Amino acid sequence: MTPEQLSSKIRTIPDFPKKGIVFRDITTLLQDGEAFAAALEAMTAPIRGLKPDVIIGIESRGFIFGAPIAHALGIGFVPVRKLGKLPGETITVEYELEYGKNVLELHRDALTPGQRVVIVDDVLATGGTVAGTIRLVEQLGAQVVGISFLAELPALGGRARLPDGIVSAIIPF
């Protein structure tokens, strides 16, 4: 399936979660088994040569894509969650969204120094969530070698907040 075909499976919802935000709803793509499989393969392809040790998925839609990508690569999956959702000892970081602020957390023992990490999420918007996740990974001494998104909103400039040359996105909006 081409990026254009995948894009046609994503519903656009204006003024969600607040006025002025254009939300890209991936649930309609997920309902189509062929499109979901094609999206997973397209997101996995640029990661294969990076030889990651672990995939990190960002809550919550990053879990939908990250876990099956980790499975396909035969490596582990680590969730980055919103504050208060992980039961063990955690590290935290505050980050900015396009419509506010939030806090992410990661188990302190989730990564080891030198591990090669690929971060997975559904949409790259302003880049704040991913930039926060990178800070968590680096606090534990691991190395982000790739970042994979289903879609990107280039007009919001999120890619500029991320390291050069390691970001892939299948669908530009």
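Residue-wise HN-Hα couplings along the stretch 19-31, as the Karplus relation 6.51 cos²θ - 1.76 cosθ + 1.60 with θ = phi - 60° gives them from phi, are 3, x, 8, 9, 8, 9, 8, 7, 4, 6, 5, 4, 6 Hz; Gly and Pro carry x. Counting protein heavy atoms only, the stretch 3-129 has 52 percent of its accessible area on carbon and sulfur, 1.4 angstrom probe. As a length-normalised measure over Cα pairs under 8 Å and 6 or more apart, the relative contact order of the stretch 97-173 settles at 34 percent. Expressed as a whole number of Å, what is the distance separating the alpha-carbon centroids of the stretch 55-100 and the stretch 4-29? The stretch 4-29 and the stretch 55-100 have Cα centres separated by 21 Å. For the chain, the Kirkwood hydrodynamic radius from C-alpha pairs, put into Stokes-Einstein at 4 °C and a viscosity of 1.567 mPa s, yields a diffusion coefficient of 80 µm² per second. Hey, in the GNM for the chain with a 10 angstrom Cα cutoff, which one of L111, L150, L86 fluctuates hardest? Result for the chain, Cα springs under 10 Å: L86 fluctuates most.
Largest GNM mean-square fluctuation across Q31, Q143, Q115, computed for the chain with C-alpha springs under 10 Å, falls on Q31. Using C-alpha pairs below 8 Å separated by at least 6 residues, the relative contact order for the chain is 19 percent.
In terms of the mean number of neighbouring beta-carbon atoms within 10 Å, the peptides 33-45, 123-135, 16-28, 61-73 order highest first as 123-135, 61-73, 33-45, 16-28.
Its Cα gyration tensor gives the stretch 122-173 an equivalent ellipsoid, and the semi-axes of that ellipsoid, as √(5λ) in whole Å with the largest first, are 20, 11, 9.
For L29, neighbours were defined as the other residues whose beta-carbon sits under 14 Å from its Cβ, and their charges (Lys and Arg +1, Asp and Glu -1) total -2. What the Cβ-Cβ distance of I13 and Q143 gives, at R0 = 35 Å and to the nearest 0.05, is a FRET efficiency of 0.45. For L83 and A37, a Förster radius of 30 Å and the Cβ-Cβ distance give a FRET efficiency of 0.35, rounded to the nearest 0.05.
Under 5 Å from the amide H of V78 lie the amide H atoms of I55, I56, G57, each residue being 5 or more positions distant or on a separate chain, with H modelled from the backbone and absent for Pro and chain starts.
Across P113, P46, P87, mean-square fluctuation computed from a Gaussian network of the chain (C-alpha pairs under 10 Å connected) peaks at P87. Taking all pairs of distinct Cα atoms, average 1/r, flip it, and tell me the Kirkwood hydrodynamic radius of the stretch 16-114 in Å to one decimal place. Taking the inverse mean of 1/r over all distinct Cα pairs, the stretch 16-114 comes out at 15.4 Å.
The values are calculated or read from the model by the stated rules, or taken from the named source; none is laboratory data. This one's a predicted model, so the numbers in the text were calculated from it and none came from an experiment. Neighbour counts run over all protein chains shown; Cβ positions are idealised from the backbone, glycine included. Areas reflect the complete protein model, heavy atoms only, side chains present, ligands, DNA and RNA absent. Shrake-Rupley method; radii C 1.70, N 1.55, O 1.52, S 1.80 Å.
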